[in-house]
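First comes the structure, then the notes that go with it.
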Amino acid sequence: MQRIAPALRQDNVPLDLISLIKTVLAACKEISFRVGQGHLSGVMGSTLDENIQGEVQKELDVVANQLLKDILLESGFVKAISSEEEDTSVAGHEDGKYIVSFDPLDGSSNIEINSLIGTIFSIMEAPAGMSADDPDMFKQAGVNQVCAGYVLYGPATILALTTGNGTHFYTLDKTHGSFMLTERNVQVTENTSEFAANMSNQRFWHEPMQNYINDLVAGTDGPRERNFNMRWIAAMVGDVHRVLVRGGLFTYPADSKDPNKPYKLRLMYEANPMSFLIEQAGGLSVTSTARIMEIEPTDIHQRVEVILGSKNEVEKCLSYYS
């Protein structure tokens, strides 16, 4: 098994980008240790604060955010960072080549039940001629990503990574602290009989998605004429990992529960990096009207609907909207 640096060199990844990826992973290894300590770490409760999204922050959210923020801004590679936990972007080095967006701890509501959580990150090149303190440099479509990945903190700590040459899995060898390549060119199966959705929101979904899910639930008695299994981890990082491993469809569709917030997932911190990983593995990642990675952002905390996974099933879902 290869360590991550030679594996990336094999994909002709520039040395400065390799160094930046290793910097991200240094923070993730520290987060993995804190997560693995559980209540022994002393950072497993909730704070009294809300983040910019209006969500109550967990103590580990704050710790993970600070770890990533500090190590990236000190690296010299990064012009600015943007985090789900920060009100706006944070300036780094004026001559930094890259900008990094991240969700420091996706699925943090799972912390107290010891379930799957993870870190999601996206790397783009910094536009020329813009100041490091200008958040508008993050308003780029996902097709401009040069790297995306997540680190899943489960029984094993697993990295899913793409630099545009396929999606690969690495596993953290905790005996010497290195991420080792364990699966190259992961492929999402084109067909599936599994889906992931927050069914408690079903009554708020738009009619096409309600009809689609109803047909899946109807199983052999419905128009699809076969049974589908539902799996829901309540952490996008875990649900997408399952799709990459064994296929499936994951969706967080538009809903009417809160007219001011029709979408749940964040474009820059969740949807774009996951879309890059899924597409590089042969799957599809879309809204009901567009390819996610072609969306031109208007705000660094913009939200979108998400439908991603096995190619033929995503296309079947979209057919309900036509």
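The values are calculated or read from the model by the stated rules, or taken from the named source; none is laboratory data. Predicted model, so just to flag it, every value in this text is computed and none were measured. Quick reminder, even Gly has a Cβ in these numbers, built from the backbone with ideal geometry, and neighbours come from all protein chains shown. What goes into the accessible areas is simple: the full protein's heavy atoms, side chains included, and nothing from ligands, DNA or RNA. Shrake-Rupley method; radii C 1.70, N 1.55, O 1.52, S 1.80 Å.
Brief remarks on what is shown
- R242 fulfils the conditions (1) open to solvent by less than 80 Å² (accessible area, probe 1.4 Å); (2) among the basic types (K, R); (3) more than 30 Å from I31 (Cβ to Cβ) except for a single criterion, (3).
- When we screen S275, S310 for residues that are within 19 Å of C147 (Cβ to Cβ) and of a type in the set (S, T, N, Q), the only hit is S275.
Yes/no per residue for (1) farther than 24 Å from V100 by Cβ; (2) within 18 Å of the chain's Cα centre (by Cα):
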site	(1), (2)
G154	no, yes
L161	no, yes
G166	no, yes
F169	no, yes
F179	no, no
V186	no, yes
N198	yes, yes
N201	yes, no
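- Residues of the stretch 282-322 classified as farther than 21 Å from N198 by Cβ, open to solvent by 10 Å² or more (accessible area, probe 1.4 Å) and touching a Gly at 6+ places or on another chain (Cβ under 8 Å), total: 3
- Some residue of the stretch 309-321 being over 15 Å from the mean Cα position of the chain (by Cα), closer than 13 Å to A141 by Cβ and of a type in the set (K, R): no
- Scanning the stretch 101-130 for residues being polar (S, T, N, Q) and within 23 Å of Q302 (Cβ to Cβ) gives a total of 5.
- Filter result (more than 15 Å from E305 (Cα to Cα), out of contact with any Leu (no Cβ under 7 Å at 6 or more places or on another chain) and outside any helix (DSSP H, G or I)) within the stretch 185-209: N185, Q187, T189, E190, N191, S193, E194
So that you can scan it fast, the table gives a plain yes or no per residue for (1) at pLDDT below 95; (2) under 18 Å from T88 (Cα atoms); (3) crowded, with 23+ Cβ neighbours inside 10 Å; (4) not hydroxyl-bearing (S, T, Y):
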{"position": "E112", "(1), (2), (3), (4)": "yes, no, no, yes"}
{"position": "M130", "(1), (2), (3), (4)": "no, yes, no, yes"}
{"position": "M137", "(1), (2), (3), (4)": "no, yes, no, yes"}
{"position": "G142", "(1), (2), (3), (4)": "no, no, yes, yes"}
{"position": "V151", "(1), (2), (3), (4)": "no, no, yes, yes"}
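- Any hit, the stretch 39-49, residues being assigned to a loop (DSSP other than H, G, I, E, B), hydrophobic (A, V, I, L, M, F, W, C) and modelled with pLDDT under 95: yes
- For the stretch 153-187, a residue qualifies if it is open to solvent by 10 Å² or more (accessible area, probe 1.4 Å), within 30 Å of N227 (Cα to Cα) and in contact with a Gly (Cβ under 8 Å, 6 or more places away or on another chain), and the qualifying residues are G154, N185, Q187.
- In the set E194, E190, E279, only one residue is at pLDDT 95 or above and surrounded by fewer than 17 Cβ atoms within 10 Å (Cβ to Cβ); that residue is E190.
- Within the stretch 73-96, considering residues that are in a loop (DSSP other than H, G, I, E, B) and touching a helix residue (DSSP H, G or I) at 6+ places or on another chain (Cβ under 6 Å), the one surrounded by the fewest Cβ atoms within 10 Å (Cβ to Cβ): T88
- Within the option set L105, L116, being under 15 Å from the mean Cα position of the chain (by Cα) and surrounded by fewer than 22 Cβ atoms within 10 Å (Cβ to Cβ) holds for one residue only, L116.
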